Amino acid sequence: RESPKYLERAMSYFEPLRQRLKNSNYRRLYAVVLNNIATNEYYAGRADSTDSGVIDKAKIEKSIETAEEAAQIFREIGDRQELREMLDRKAFNLSYLNRLGEALPFIDESIAIADELYNQPIGGELDRSRYFESLIGVYRIKMNILFGINRPVEMFETQEAMKSLTLRDLMNRGKDNRKRTLTT
């Protein structure tokens, strides 16, 4: 019951920023603001369903549009990680509206980008762990979508890909631990 108030307050901060940055040279910052707005629109659409059980589809649709605008900017400037987040946001929104077939291409693109970025250095162990968790989360969503559209073979293949990724991550962590042991 309190969340709509917080979401309204957040939007009161983001909307003026959106207007100021829209035609500026700060494209990445503008896209980040759009990312936040899309997230808030999504939660605002869901917040209505907590009491009444009815989602506000208009807010979820608006979130999809805002995420698309941000994704387009992230594509233009080449920010693959932020693009991945926007693709995930669009897929979550479409899934929430039960438009599962439409969500699948965004999830597939997100996974492809994540796989590309997986071996790039991204900070410390905690950062790598968080990145891995977000990647596994996308695989889980893909499996839910495939289950929802009755594609069991692809669901099984996705599960096997997720297992493979998990094993690869565990093996890489083991190598990191051996390196630290040998150098200390």
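The values are calculated or read from the model by the stated rules, or taken from the named source; none is laboratory data. Since the model is a prediction, treat every value here as computed from it, not as a measurement. Cβ: placed from backbone, ideal geometry, glycine included. Neighbour counts: every protein chain shown. Surface accessibility is based on the protein's heavy atoms, side chains included, excluding ligands, DNA and RNA. Shrake-Rupley method; radii C 1.70, N 1.55, O 1.52, S 1.80 Å.
Listed values, structure above:
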| quantity | calculated |
| --- | --- |
| Condition met for Glu15 (surrounded by fewer than 22 Cβ atoms within 10 Å (Cβ to Cβ), out of contact with any strand residue (DSSP E or B) (no Cβ under 8 Å at 6 or more places or on another chain) and in contact (Cβ under 8 Å) with a residue 24 or more places away in the chain) | no |
| When residues of the stretch 73-98 are limited to those that are under 23 Å from Phe132 (Cβ atoms) and of a type in the set (S, T, N, Q), the one surrounded by the most Cβ atoms within 10 Å (Cβ to Cβ) | Ser95 |
| Only listed residue being out of contact with any strand residue (DSSP E or B) (no Cβ under 8 Å at 6 or more places or on another chain), within 22 Å of Asp79 (Cβ to Cβ), charged (D, E, K, R) and without any contact (Cβ under 8 Å) to a residue 12 or more places away in the chain, chosen from Glu133, Glu154 | Glu133 |
| Selection count, the stretch 118-155, where residues are at pLDDT below 85 and outside any helix (DSSP H, G or I) | 7 |
| Extreme residue, farthest from Lys142 (Cα to Cα), among residues of the stretch 109-125 that are open to solvent by 60 Å² or more (accessible area, probe 1.4 Å) and within 16 Å of the chain's Cα centre (by Cα) | Glu116 |
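Per-residue answers, yes or no, for (1) surrounded by fewer than 20 Cβ atoms within 10 Å (Cβ to Cβ); (2) modelled with pLDDT under 85:
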position	(1), (2)
Glu8	yes, yes
Leu21	yes, no
Tyr26	yes, no
Val33	no, no
Ile37	no, no
Thr50	yes, yes
Glu68	yes, no
Ala71	no, no
